[in-house]
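Here is the structure we will look at, set down as structure tokens.
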Amino acid sequence: MGKTMIEKIIRRAAGKEVKVGERVWCNIDLSTARDFGGANCVLQFEEVTDKKGKVWDPDKVAFTFDLQAPSHSEKVSTNQKIIREFAKKQGIKKVFDVDWGIGQHVLLENGLVKPGDVILGTDSHMNLLGAVGAFATGVGNTDIVASWFEGTNWFRVPETMKITVNGKFAKGVCMRDLLTHIVGTLGADGMFFLSTEFYGDTIERSSLSDRITLCSMVTEMSGKIGLIMPNGKVLDWLVERAGKEVVDRVKSLSADPDAVYCQELEFNVDNLEPMTSCPDAPDNVKKVREVAGEHVDQVHIGSCSNGRFEDISAAFEVLKASKSKVAPGMRAIITPATREVMLQCAEAGYIQKFLEAGVIFTNPTCALCTAEHYGALPSGDVGMSTTNRNFIGKVGKGSHTYLASPMTAMATAIRGKITDPRDILG
Amino acid sequence: MENKVLRGKAWVFGDDIDTDLIYHNKYLAETDPRKMPQYSFEYLPGKENFAKEVKEGDFVVAGTNFGCGSSREHAVYCLKYAGVPVILAESFSRIYYRNAINNGYPVLFVKGLSQAIKDGKIKDGDDLEVDLEKGEIRDLTNGNSFHGDAVADLEMDIMKAGGLIEYLKEKAASK
Amino acid sequence: MGKTFAEKVLGKAAGESVSAGQVVIVEPHFCMSHDNAAPIWGTFKKIGVDKVWKPDHLVFILDHAIPAPTDKHAENHKQIREVVKEQGIRYFYDVTSKGGVCHQIMCEEGFALPGLVMVGSDSHTCTYGAFGAFSTGIGRSEMAATWATGQIWFRVPESMKITVKGKFNKGVSAKDLILKIAGDIKADGADYMSIEFHGPAIEEMSLAERMTLCNMGIEIGAKNAVCPPDQKVLDFIKPIAKTDEWEAMWADEDAVYAQELNYDLGDIEPCVAKPHTVDNYAPIGEVKGTPVHQAFLGSCTNARIEDLRLAADILKDKEVAVRTIVIPASWSVFRQAMKEGLIDVFLDAGCVITNPGCGPCMGNHEGILAPGETCISTANRNFKGRMGNKESNIYLASPMTVAASALKGEISDPREVL
């Protein structure tokens, strides 16, 4: 009987044959923590090892700073300091400080992620690394600390869902809209504990950025991981960063043709429209045109879901086509995912143009996902963002957020009310 | 984990209670688990008083997908150290589930709980009796009863050890 | 007997001839408030007046915490937006790409004008003296009263004349001069006084350098600080002036000063203000090698394009050794820096560039210090705990010294890397 990707990945990591439903101990390729949760990990590790513990392999531990980068509270500054000092003491070199950007993206850009890698992180959207076939998962501090002992942790081998996507996006429609549509269709627990493999010609043609968007939102359906094995340009990009071993990994870890899936779904995007998650849940999905005209106070483009160069480029195309500026009274903010993305934006001349149009740029960081960083909303304000969650009060008590694609977000910023980007792009 | 019958009041929640509602991102910088209970459910409309009013021994009762969202372990600590002895839910999000097990914090998967909550068969303030070992839950206020499934073997072992760290220490010591 | 600058400007505003020591009541021109417009509004409402005296004289500029880093800040901003709408405030700089640090915006947008009496609910309002304005910081209650009545009283200050000649040596800039002055006369050396900068070296200075000098007037206790409104100023302000009520005014040759100081720029060397006071002067040699954890290039004192150029010259094609936070003073400075390729230089060097605003200067966000950390900063204050924890240290220095120190991770002499 054939194996799914996750079965093969866990088999590699466990060093033995595995069955769905089984709990197995796996070797961890990379155990990471952020400035959120990272200090908790360090303090817990020091406590349980009486400050004498050594992490199993300093080369396989990394820290990323993106919750508050740069910090705006003494507590986070102190947490960041705790991490820096621990890294120094343990000889951990992979510390991506406040100048780098969103953790998973930084790890990816630095060639630290290969297909089949088992990666832990204190970030529920770690699993976006499934976009290059890695099994990355968000965990709490105890799981991280446990992995630092011997480089292992346990997993239940999940069932796998197969989603096939065919067709071409119409102008103004993109992967984010498909994803929003899938979340609306399957609901907040539609991928409960599952691994999901994505196939189809839409996926095969898609950019890394689109794959990241897709895999990041698996969390919002309670999925364990969404997996796409790199092909084409994504494969070339990854080989360049992470080395030739990537090619062998893709070969050995791709699913067998006769792999067993617990559920198979098909989507066609030919007739898909711009979609939005309305307040206050990601699965409260409507077509953008159904809520067009609703007032919005602030638009924020960025996050681990949609903060890459391609996302910002898509927003730029809308701005360009509008021959217009941000609506009066609207706050429009772009937060690039990483420093590399920010440099790409600068080189493409986008930053100047966005600034001329009234949009502001922040330094690369998570920002818009908490009420404790750039773009927090006051009570009664309505925001639109390209992030992945809009639970009530998430970015400020009494505020509400629509989630949408970078194109819809930009169109909304320009018109000052929810706008279908096709109204601008024609 | 002690095998005893617990009694306490119910705090009842719906489906998809996410980690920002349990423990808001505003307080992520906290590193002392014992200081976390003061922020529990602060952002959940109607439950803002939880942190102040919850008593040791009270139960958290919820529908499906409890703890969806972030990986923050704060969302487990804030209930554990508030003295909530066990969380009863129809289902738990995977990270939340791991975080609970890893801290030796009992959770019970209770079939039909989501619908029962919607139907008013178990309400805020109800007196509950919970037999952790047997998974039996009785609502003493209205006589309804529910059955909760305990966790799988490995998780049970981890829980019995008192959490993942303790489990690994035991494992290392027995080598 | 001749008049000082302060006597002339306040006299004109009061409509009579005045001398130091006299109390005058005047109508100020522009009244600037930043994020504290919200609490001022709270006080204003208690006065029992419905409308501000002249909505076109109020300028609101959000800069202390933008974009809102917490929902509390967001609530504060929201309240200001509501006041703007309700009162018809004409000049409002929200969280958009037109904004930046309030004092920078006041200067680059043509509010800071010669001969105007201006007040701001921020102590560094004295910066506008670089354009020949009599400008001073006031408290929140006084600002609320000013909104209500359009009047404010001043005691006409005595004046201090600082005459500057000579040329800066390589690696030395206006910041070093003002830190040296602070070290010489101490934090209360010019208490209540009006500082006038005179001399050929001031005339040679760019407007940016003059802003640095005037900005720090408050750090030596001055009510205001001012440079002559020369041709450089007039050329700059004429196309952008927000009002034509300005008049270039300057002290008479025979004006009487309470104190006179003379400096030769050739004598100034790179220096710092050590923790925890601005007058705790030390020449660079004395503190060289002190480890730092963070470098901050920003604030209303030193984040203009001229400052960024000086720092970028040092950082080009190199990498910083500590976290280095660069915050241009305004979005127009940011855009100019992009055009000149400076943003690339900073990013390539490993700096964080944040959106323009006050950043970590007063401990709000974008680089708060942990216990035991040390920051070298181009800002204007190094009071204990200002940028975060009480157990952190701040050294104030010039953009060049900060850049040089960022490269080595310890306080360094910029002359050695230039």
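Values quoted throughout were computed directly from the atomic coordinates according to the rules given, and no laboratory measurement underlies them. Just so you know, these numbers come straight off a predicted model, no measurement behind them. Please note: Cβ atoms are built from the backbone with ideal geometry, for glycine as well, and neighbour counts cover all protein chains shown.
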> In a shell of Cβ-Cβ distance under 14 Å around A:V95, excluding A:V95 itself, what net charge do Lys and Arg (+1) and Asp and Glu (-1) give?
Replying inline: +3
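Please label the shape of region B:5-174 as rounded, prolate or oblate, based on the square roots a ≥ b ≥ c of the eigenvalues of the alpha-carbon gyration tensor (a/c under 1.5 means rounded; beyond that, a/b larger than b/c means prolate, else oblate). The partial results should precede the final answer.
Working: a/c = 1.72, a/b = 1.16, b/c = 1.49.
It comes out oblate by the Cα gyration axes.
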> Working from the pairwise distances between different alpha carbons, so that the mean of 1/r is found and then inverted, what is chain A's Kirkwood radius in Å?
Replying inline: 21.6 Å
>> Output wanted: per-residue J couplings in Hz (rounded whole) for region B:108-120, from phi through Karplus 6.51 cos²θ - 1.76 cosθ + 1.60, θ = phi - 60°, x for Gly and Pro.
In response: 10, 8, 10, 5, x, 5, 4, 5, 4, 5, 4, 7, x
> Would you list C:V9, B:V84 from fewest to most Cβ contacts within 10 Å?
Replying inline: B:V84, C:V9
> What ranking do A:E356, A:E317 get, fewest neighbouring Cβ atoms within 10 angstrom at the top?
Replying inline: A:E356, A:E317
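Of all beta bridges DSSP finds with both residues in region A:23-157, what is the antiparallel percent, to the nearest 5?
25 percent
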>> Can you sort A:R176, C:R155 from fewest to most other Cβ atoms within 10 Å of each residue's own Cβ?
In response: C:R155, A:R176
> Antiparallel DSSP bridges in region A:275-425: what percent, to the nearest 5?
Replying inline: 25 percent
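Could you please report the charge total around A:T213, scoring K, R as +1 and D, E as -1 over all other residues with beta-carbon less than 15 angstrom from its beta-carbon?
After counting each charged neighbour, the total is 0.
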> Radius of gyration and Dmax for region A:304-351's Cα atoms, expressed in Å?
Replying inline: 11.2, 31
> Using a ≥ b ≥ c from the Cα gyration tensor of chain C (square roots of the eigenvalues), is it rounded, prolate or oblate, where a/c under 1.5 gives rounded and otherwise the larger of a/b and b/c decides, a/b for prolate?
Replying inline: oblate
>> Rounded to the nearest 5, what % of DSSP beta bridges with both residues in region B:53-175 are antiparallel?
In response: 55 percent
>> Rounded to whole Å, give me the distance from the Cα center of region A:213-239 to that of region C:174-209.
In response: 59 Å
> Convex hull over the Cα atoms of region A:233-312, averaged projected area in nm²?
Replying inline: 9.2 nm²
>> For peptide A:188-197, what's the mean number of Cβ atoms from other chains within 10 Å of each residue's Cβ?
In response: 3
> Which helices, taking whole DSSP H runs in chain A, have alpha carbons extending 18 angstrom or more along the helix axis plus mean Kyte-Doolittle at least 0.5?
Replying inline: A:309-322
> Any idea what the alpha-carbon Rg over 2.2 N^0.38 Å comes to for region A:40-130?
Replying inline: 1.10
> Is there a simple number for the mean count of other chain Cβ atoms within 10 Å of the Cβ of residues in A:40-52, and what is it?
Replying inline: 2
>> Please state the shape class of region A:363-417: rounded when a/c is under 1.5, otherwise prolate if a/b exceeds b/c and oblate if not, all from the C-alpha gyration tensor.
In response: oblate
> Other chains near C:360-369: what is the mean number of their Cβ atoms within 10 Å of each residue's Cβ?
Replying inline: 5
>> Could you tell me what a quarter of the Cα convex hull surface of region C:271-416 works out to, in nm² with one decimal place?
In response: 7.2 nm²
> Hey, what's the Cα Rg ratio for the protein assembly as shown versus the globular rule of thumb, 2.2 N^0.38 Å?
Replying inline: 1.00
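Do any of B:K35/C:K384; C:K98/C:K242; B:K47/B:K134; A:K417/C:K85; A:K60/A:K88 go past 26 Å between their Cα atoms, and which?
Table pairs above 26 Å Cα-Cα are B:K35/C:K384; B:K47/B:K134.
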> So what's the convex hull volume per residue for the Cα atoms of region A:301-388, in Å³?
Replying inline: 89 Å³
>> Along the Cα→Cβ direction, 7 angstrom out, place labels at C:A321 and B:E56. What is the inter-label distance in nm?
In response: 5.3 nm
> When only C-alpha pairs under 8 Å and at least 6 residues apart count, what is the relative contact order of chain B, in percent?
Replying inline: 25 percent
>> Please compute the Kirkwood hydrodynamic radius of region A:275-425 from all pairs of different C-alpha atoms, in Å with one decimal.
In response: 14.7 Å
> Which lysines does A:K16 reach when only Cα atoms under 18 Å apart count, and residues fewer than 8 places away in its own chain are ignored?
Replying inline: A:K3, A:K8
>> Run the simple label-point estimate for C:E260 and C:E391 please: 7 Å along Cα→C-beta, distance reported in nm.
In response: 5.2 nm
>> If the reach is capped at under 19 angstrom between alpha carbons, list the lysines near C:K8, excluding any in the same chain fewer than eight residues apart.
In response: C:K161, C:K223
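Taking the Cβ of C:N364 as the center, what net charge do the other residues with Cβ under 12 Å away carry, scoring Lys and Arg +1 and Asp and Glu -1?
Computed value for this residue: -2.
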> Which lysines, on any chain, are close to C:K390 with Cα under 21 Å apart, when same-chain ones fewer than 8 places away are left out?
Replying inline: A:K75, A:K81, C:K274
